[in-house]
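Have a look at the structure below, then the notes.
The values are calculated or read from the model by the stated rules, or taken from the named source; none is laboratory data. Computed from a predicted structure; not experimentally measured. Heads up, the Cβs are rebuilt from the backbone with ideal geometry, glycines too, and the neighbour counts pull from every protein chain shown. When the accessible area is computed, the model is the full protein with side chains, heavy atoms only, and any ligands, DNA or RNA have been set aside. Shrake-Rupley method; radii C 1.70, N 1.55, O 1.52, S 1.80 Å.
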Amino acid sequence: MTAFETALYWLDYAAVAVFAASGALAAARTRQDIVTFGFFAAITGVGGGTMRDLLIGAPVFWVQRPGYIVACLVAAVGVWIFARRGWRFRALLWLDAVGLAAYAVVGTAKALSLGVHPFSAIIMGVLTSCFGGVIRDVLAGEPNLLMSREIYVTAALLSAGVFAGMTLMGADFWLAALVGFFAGVALRACAIRYN
Amino acid sequence: MTAFETALYWLDYAAVAVFAASGALAAARTRQDIVTFGFFAAITGVGGGTMRDLLIGAPVFWVQRPGYIVACLVAAVGVWIFARRGWRFRALLWLDAVGLAAYAVVGTAKALSLGVHPFSAIIMGVLTSCFGGVIRDVLAGEPNLLMSREIYVTAALLSAGVFAGMTLMGADFWLAALVGFFAGVALRACAIRYN
Amino acid sequence: MTAFETALYWLDYAAVAVFAASGALAAARTRQDIVTFGFFAAITGVGGGTMRDLLIGAPVFWVQRPGYIVACLVAAVGVWIFARRGWRFRALLWLDAVGLAAYAVVGTAKALSLGVHPFSAIIMGVLTSCFGGVIRDVLAGEPNLLMSREIYVTAALLSAGVFAGMTLMGADFWLAALVGFFAGVALRACAIRYN
């Protein structure tokens, strides 16, 4: 594995666990058993990346690496144990923001690394980072983010666009990833605070 | 590219743009920002064809050809600018009818051209032409067409069946496509008028 | 075809038809035309297996074998004719339980036979057996099973886990399949009775 692949590998784990936790938090509003809870977390966690891999024709990332599902389940158990306080809704919002920006960068990076056209790679980053949250909201029976007036897709677009732009101009992978990630998180944070 | 492939290519563009416009019209009922609006249009526009390509194992058509997403965004911007009049709901109904019939023909044609069994090719045309609208309605949180009593799936079946039947009997591609297309549009038009 | 493949083949047909009937029963609550009715049954019937095949990168099972869709349509017509009595809701519950356990075993078996990691194969069995019902509920606009407190995913996990465990310990295919199937049905039956 090159350094680039290693980076993608760990970023992928982080984005998956964070989204899984956000799915678990959404599920925690109703009162299912622990298995359904974990199942819901897993779908939210790997949903966006699964969509990305299907679209670009890559083997679905978690199928031969059980570690991803384990990460989702660990995140779900963490939420199950700790999320009985009042900060549940806030935590969901912020975890979602972090997962959104991370997935946007990872999705764009994976698409670029497989030779996808840069324009499509950005779209891929946006589509797949938003898809996890859309699946979560549709399954939870809540109005999904596409129907709200909040700045959400725009934040994903900013992360994906900044990362792709800097990469194409020859910037270092980690620098581009960090700048792209924080740009998206910052925009989403503003949207959460001033909405 | 053979004439057949060229025909499919342009029909695909037309169906995608028309469905994207219908998605944009559905999204226009709530009041999102322009990026979410375009995102919604793009999902509706390429959703059905994406499903078709995943099912028949072909590379997803828009991933390496950014033009499709651009066509969706152009359609979305057109709706954004012009759709502030009273004819919004009517326009959505008719665009949807045209997109439905076009996708049914294109989906069946692509499946047939890849050697899929004719019966499955018809199913593919129906599934994928209806899928764009189903995704749109599920994401928009509206009762989807499968739950209504309207003649919708039947119109797609008519388009796909007529096209596949005529093609198998040796008819010219364009003749079969036009007859199939207009048969579906006509049936759907009757359903819209007399419902 | 080996005996193993033959077994999978027939189990697949059975699970598909049973799920299609459950989809048709759900659709029967609203009053669509027969084509939409069949379409809904087909989506529910093949939805879970389609997801499984896309995830493990196998050709989608029904595309080149029209028999599966025919089985769905036969199941739909059966429901259309017979399901006008009072036992509709009960029948849906029980058919769903049988389909759930059957799909969990079939999904796990197919994934194992293609060399998927056992842990992922179990996840695959659970995901795909639950997915048919989730699609059905989302399209029917009903609160889906993931949001209920019922033991549902757990039953699928039991079927998939028992089957995979026995297979890995060298048990006969049919013995493992039957024990796994009945374990899941029994657990789900308890959940239905004592809820």
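Restricting to the range A:107-132, count the residues that are open to solvent by 30 Å² or more (accessible area, probe 1.4 Å) and either within 12 Å of another protein chain (Cβ to nearest Cβ) or more than 22 Å from residue A:97 (Cα to Cα) (or both). Outline the logic, then answer.
Taking the range A:107-132 as the starting set, the residues that turn out to be open to solvent by 30 Å² or more (accessible area, probe 1.4 Å) are A:110, A:112-115, A:117-119, A:122-123, A:131.
Filter again for either within 12 Å of another protein chain (Cβ to nearest Cβ) or more than 22 Å from residue A:97 (Cα to Cα) (or both), leaving A:112-115, A:117-119, A:122-123, A:131.
Of the residues in the range A:107-132, 10 are open to solvent by 30 Å² or more (accessible area, probe 1.4 Å) and either within 12 Å of another protein chain (Cβ to nearest Cβ) or more than 22 Å from residue A:97 (Cα to Cα) (or both).
Do we have any residue at all in the range C:95-103 that's modelled with pLDDT of 90 or more, more than 12 Å from every other protein chain (Cβ to nearest Cβ) and out of contact with any Pro (no Cβ under 7 Å at 6 or more places or on another chain)?
Yes, the conditions are met somewhere in the range C:95-103.
Going by the structure shown, is residue B:39 without any contact (Cβ under 8 Å) to a residue 40 or more places away in the chain and buried (at least 18 other Cβ atoms within 10 Å of the Cβ)? Break it down stepwise before answering.
On the way: without any contact (Cβ under 8 Å) to a residue 40 or more places away in the chain: yes; buried (at least 18 other Cβ atoms within 10 Å of the Cβ): yes.
Against the criterion (without any contact (Cβ under 8 Å) to a residue 40 or more places away in the chain and buried (at least 18 other Cβ atoms within 10 Å of the Cβ)), residue B:39 qualifies.
Any residue in the range C:74-87 that is within 23 Å of residue C:186 (Cβ to Cβ), open to solvent by 20 Å² or more (accessible area, probe 1.4 Å) and modelled with pLDDT under 85?
yes
Output the number of residues of the range A:186-195 satisfying the condition of being among the charged types (D, E, K, R) and exposed (fewer than 14 other Cβ atoms within 10 Å of the Cβ).
Quick first cut of the range A:186-195, residues among the charged types (D, E, K, R) only: A:188, A:193.
Pick out the ones that are also exposed (fewer than 14 other Cβ atoms within 10 Å of the Cβ) and you get A:193.
Of the residues in that region, 1 qualify.
Which count do you get for residues in the range B:168-185 that are outside any loop (DSSP other than H, G, I, E, B) and open to solvent by less than 50 Å² (accessible area, probe 1.4 Å)?
8
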